[in-house]
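K.L.:
Sharing a structure here in structure tokens format.
Derivation of every value follows stated rules applied to the coordinates shown; laboratory data play no part. On a predicted model such as this, the values are computed, not experimentally measured, just so you know. Cβ placement follows ideal geometry from the backbone for every residue including glycine, while neighbour counts extend to all protein chains displayed.
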């Protein structure tokens, strides 16, 4: 069987799975009837700051949560840590790592741990007992690669889920299946060449069980589009997502991100279907060499604000080479457009990574000469 037939088989299988789950989702159960609901809590300040609209545009290690196919877009080894200050003494921590192999595809692993302060326990007769603790754990192994068919990326997650309530615990297994495709390339419409489409079927798997009570995982079908355009010489990203969960009504997300000189990011988003708050979120980020720090703020009405802060680091020879290549390309574009201060800034970034880079030194010299009266 040649590669094309293999890809077609994979796509047909995926379409069948998505169609069958879409039918299931149209008969959604009531809110609160699923188990392991911590799986719904969004991961990553960037994504949350954009209203959780990510399925078509995700491009870092948090793609594991939003769409594993997005891992293909990562050029170098990457690690990410996030801290989420949630409601009422509830917090979660996320750590992820990804490794893009030159020929085999992209591999990733992540863990997500949610915990809370101990709460007062009661017997069935409403008599106070000792305080009890609760926690949730998620471990994920991911794989993604570019498929040899119209620029489609595919990805899959294998999940291990564990919940604990004092001495009781429950475990479950799940999978996510995601794809990303270049919709703009298919449409061939001028100005929409960078339009992408994403699909992700989340949390397809076994049930969680506490004593005699069972609950399905919070199954969700995500779909969306995104586009990246240059505005005033800097990248603007716009994304729209739709969600069909198995325990609630349809809801949508919208997000915008704008990077200023590849140094500072500004983000705003909106998520519909919120029971509390107005659904608006804000965020920002800053890059310093191979490090990126992100923050997101979301208001949930009477429950107050939630805060997420995260750090991403890119490492290895590939990371350095990619950053130098991108900075040099931007620097030459600015130089040719007569934007010499902006060009100097880009060449200076290169020298921060490689102080003896001859090309950057030469172009820095030329740009400075152009600024002299």
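K.L.:
Roughly what would the spin-label model give for residue 361 and residue 286, points 7 Å off Cα along C-beta, in nm?
P.N.:
Taking the simple label geometry, residue 361 and residue 286 are separated by 3.0 nm.
K.L.:
With r as the distance between the Cβ atoms of residue 300 and residue 326 and R0 = 35 Å, compute the FRET efficiency 1/(1 + (r/R0)^6) and round to 0.05.
P.N.:
Values: r = 37 Å, r/R0 = 1.06.
With R0 = 35 Å, the Cβ-Cβ based efficiency is 0.40.
K.L.:
How much of the pair distance distribution for the stretch 321-371 lies past 19 Å, counting alpha-carbon pairs only, in percent? Walk me through the numbers on the way to the answer.
P.N.:
Numbers: 153 of 1275 pairs.
That fraction is 12 percent.
K.L.:
Apply 1/(1 + (r/R0)^6) to the Cβ-Cβ distance of residue 164 and residue 193, taking R0 = 30 Å, and write down the FRET efficiency to the nearest 0.05.
P.N.:
After rounding, the FRET efficiency stands at 0.05.
K.L.:
Next question, about the same structure. Once fully extended, how much extra length lies between residue 85 and residue 173, figured as 0.36 nm per residue of separation less the alpha-carbon to alpha-carbon distance? Before the final figure, lay out each step's value.
P.N.:
Details: separation 88, 0.36 × 88 = 31.68 nm, distance 2.63 nm.
Value of the extension gain: 29.0 nm.
K.L.:
While we're looking at this one, here's another question. Determine which residues of the stretch 332-348 fall in the zone a paramagnetic label at residue 261 would reach in this model, i.e. backbone nitrogen under 11 Å from the point 7 Å along Cα→Cβ.
P.N.:
Taking a point 7 Å out along Cα→Cβ of residue 261, the residues of the stretch 332-348 whose backbone N falls under 11 Å are 341-348.
K.L.:
Consider all pairwise Cα distances in the stretch 210-290 and report the whole-number % of them above 14 Å. Let's see the in-between values first.
P.N.:
Working: 2326 of 3240 pairs.
Tail of P(r) above 14 Å: 72 percent of Cα pairs.
K.L.:
Could I ask something else about it? Need the full-extension length gain, residue 354 to residue 101, defined as separation in residues times 0.36 nm minus the C-alpha distance. One decimal, nm.
P.N.:
On the way: separation 253, 0.36 × 253 = 91.08 nm, distance 2.43 nm.
Separation in residues times 0.36 nm, less the Cα-Cα distance, equals 88.6 nm.
K.L.:
How far apart, in nm, are two points set 7 Å out from the Cα along the Cα-to-Cβ line at residue 371 and at residue 129?
P.N.:
6.9 nm
K.L.:
Helix-only estimate, please: 222 nm mean residue ellipticity of the chain, summing -39500 (n - 2.57) across DSSP H runs of length 4 or more and dividing by its residues, to the nearest 500. Walk me through the intermediate numbers first.
P.N.:
Working: 7 runs with 85 residues, N = 373.
Calculated from helices alone, the mean residue ellipticity at 222 nm is -7000 deg cm²/dmol.
K.L.:
So how do 179, 225 line up by other beta-carbon neighbours within 10 Å, fewest first?
P.N.:
Details: 179 24, 225 20.
If I rank by nearby Cβ atoms, fewest first, I get 225, 179.
K.L.:
Helix 358-371 versus the longest principal axis of the chain: what is the Cα-based angle in degrees, 0 to 90, to the nearest 10?
P.N.:
Between the helix axis and the principal axis of the chain, the angle is about 70 degrees.
K.L.:
Another question, then. For labels at residue 229 and residue 333 in the simple 7 Å Cα→Cβ model, what's the distance in nm?
P.N.:
Going by the 7 Å Cα→Cβ label model, 1.5 nm.
K.L.:
What percent does the relative contact order of the chain come to when contacts are Cα pairs within less than 8 Å and at least six residues apart?
P.N.:
RCO, the chain: 17 percent.
K.L.:
Order of 196, 62, 103, 129 from fewest to most other C-beta atoms within 10 Å? List each step's numbers first, then the result.
P.N.:
Working: 196 23, 62 29, 103 5, 129 10.
With the fewest neighbours first, 196, 62, 103, 129 line up as 103, 129, 196, 62.
K.L.:
Kindly put 326, 145 in sequence by how many other C-beta atoms sit within 10 Å of each C-beta, fewest to most.
P.N.:
Values: 326 15, 145 19.
The fewest-first ordering by Cβ neighbours comes to 326, 145.
K.L.:
When the Cα atoms of the chain are enclosed in a convex hull and the volume is divided per residue, what value in Å³ results? Spell out each step's value before the answer.
P.N.:
Working: hull volume 62.9 nm³, N = 373.
Taking only Cα atoms, the chain has a hull volume of 169 Å³ per residue.
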